[in-house]
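Some notes on the structure that comes next.
The values are calculated or read from the model by the stated rules, or taken from the named source; none is laboratory data. Here the structure is a predicted model, which is why all the values come from computation and not from measurement. We place every Cβ from the backbone using ideal geometry, glycine too, and count neighbours over all the protein chains shown.
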Amino acid sequence: MWGKTILILYLVSNLSIVSAIQDRVSESDSITQSIAADIYQQFLAVHKTLTPLENPDAETLNRVGWRVINAVKKYPVSKKTAKEMESFAWELNLVAEKKMDAWCFPAGKIVVYSSLLPITQSDASLAVVLSHEIAHTLLKHGDNRMKQYLKEFLGGKNLSTALSAKPVETKDFFKMAYANGDYVGVIRGFDPSDEMAADQLGAVFCAMAGYNPVECTVFWERMRRFSGTGREPELISSHPVDEKRILWLRENMEDVARIYYKPISKK
Ligand SMILES: [Zn+2]
């Protein structure tokens, strides 16, 4: 079991990793955010977004999503992330599609597919997904995958050069790097270490937003039970859930709750 000290040590070491990564990539942050915003708008132009009047789940997403985003703003992991987030124009959209998936692009551009809500089942589980996706973005896991794609498929060019030379291919790989739902089946799953880091930070966001992080275990156990049933939610293809991950969640979420969880007060 993690004690408070170990948890804090983990977060501090995590913070230094994030800072190191950002030192290297900070020059490309604005390009990354600009591509993300551009692709997000293109995505919304060809997918139906749902308003609260059309589907009450959109209201749920707004309620839970903004709680999580406000918690993220209070816990930005590092000063550099705080600075980076100043240029975020957060957006949340519920998209009508039969996919059980969600994703967060750089610059805080979030999409949740309407078929995910019957799987999340509760505000707390939806908060788990949103917190986890945002954590991946802030921890630069998509950036790292994009670098890999640039190296493997785009001649090792940096992002701006690749975008000028091969705009279509670069945008396609960008969508894959950030687990955009249009690319289910070809998206690589995040590494187990990335999953654990996103679980850890996501649980803190979740708790700070007023949702019990123990729900992280409940939600991912539910996802795990879909494995091998032929009805696996698309979310699992980019966020693999193995037994080790479940075990880790079972062992650590109560500690995160003890330190960060303040239930939403009922007025
Ligand atoms: Zn993940």
Open item on the list: Suppose the filter is within 18 Å of Ser34 (Cα to Cα) and at pLDDT 90 or above; does Met100 pass it?
Closed with: no
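Can you confirm whether Arg258 is surrounded by fewer than 17 Cβ atoms within 10 Å (Cβ to Cβ) and either modelled with pLDDT of 95 or more or of a type in the set (A, V, I, L, M, F, W, C) (or both)? Spell out how you get there, then give the answer.
Numbers: surrounded by fewer than 17 Cβ atoms within 10 Å (Cβ to Cβ): yes; either modelled with pLDDT of 95 or more or of a type in the set (A, V, I, L, M, F, W, C) (or both): yes.
So Arg258 passes the test.
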Open item on the list: Just to verify a result, which residue in region 206-230, among those that are without any contact (Cβ under 8 Å) to a residue 24 or more places away in the chain and more than 16 Å from the ligand (Cβ to nearest atom), is nearest to Trp248 (Cα to Cα)?
Closed with: Arg225
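Would you confirm, using the coordinates I've provided, whether Val77 is in a loop (DSSP other than H, G, I, E, B) and under 19 Å from Val204 (Cα atoms)? Quick ask: steps written out before the conclusion?
Working: in a loop (DSSP other than H, G, I, E, B): yes; under 19 Å from Val204 (Cα atoms): yes.
So Val77 fits the description; yes.
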Open item on the list: Taking the condition of being over 28 Å from Ala257 (Cβ atoms), part of a helix (DSSP H, G or I) and touching a helix residue (DSSP H, G or I) at 6+ places or on another chain (Cβ under 8 Å), how many residues in region 88-141 meet it?
Closed with: 1
Open item on the list: Quick check on this structure: which one of Tyr178, Tyr183 is of a type in the set (Phe, Trp, Tyr) and surrounded by fewer than 20 Cβ atoms within 10 Å (Cβ to Cβ)?
Closed with: Tyr183
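Taking Ala124, is it in contact with a Leu (Cβ under 6 Å, 6 or more places away or on another chain) and more than 16 Å from the ligand (Cβ to nearest atom)?
Values: in contact with a Leu (Cβ under 6 Å, 6 or more places away or on another chain): no; more than 16 Å from the ligand (Cβ to nearest atom): yes.
Considered against the rule, which asks whether it is in contact with a Leu (Cβ under 6 Å, 6 or more places away or on another chain) and more than 16 Å from the ligand (Cβ to nearest atom), Ala124 comes out as no.
Given Gly228, Gly202, Gly189, which one is crowded, with 20+ Cβ neighbours inside 10 Å and of a type in the set (Gly, Ala, Ser)?
Numbers: Gly228 fails: crowded, with 20+ Cβ neighbours inside 10 Å; Gly189 fails: crowded, with 20+ Cβ neighbours inside 10 Å.
After applying the criteria, what remains is Gly202.
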Open item on the list: Among the residues in region 213-225, are any at pLDDT 90 or above and more than 17 Å from Val129 (Cα to Cα)?
Closed with: no
Task: Neighbours by Cβ (under 7 Å, 6+ apart or cross-chain): first from region 176-191, hydroxyl-bearing (Ser, Thr, Tyr); second away from the ligand (no atom under 11 Å from the Cβ) and modelled with pLDDT of 80 or more - done: Tyr178/Phe105; Tyr183/Lys175; Tyr183/Met176
TODO: Please go through region 162-205 and pick out each residue that is away from the ligand (no atom under 11 Å from the Cβ), acidic (Asp, Glu) and either under 24 Å from Ile69 (Cβ atoms) or touching a Ser or Thr at 6+ places or on another chain (Cβ under 7 Å) (or both).
DONE: Asp182
TODO: Please specify each residue of region 231-267 satisfying the condition of being away from the ligand (no atom under 16 Å from the Cβ) and either touching a Gly at 6+ places or on another chain (Cβ under 9 Å) or within 19 Å of Ser115 (Cα to Cα) (or both).
DONE: Arg231, Asp255, Tyr261, Lys262, Pro263, Ile264, Ser265
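Please find, among Ala71, Ala82, Ala58, the residue that is more than 30 Å from Asp172 (Cβ to Cβ), of a type outside the set (Lys, Arg) and at pLDDT 95 or above. Walk me through it before giving the result.
Details: Ala82 fails: at pLDDT 95 or above; Ala58 fails: more than 30 Å from Asp172 (Cβ to Cβ).
None of the other options fit; the residue is Ala71.
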Open item on the list: Given the criteria crowded, with 21+ Cβ neighbours inside 10 Å and over 28 Å from Arg231 (Cβ atoms), does Pro76 qualify?
Closed with: no
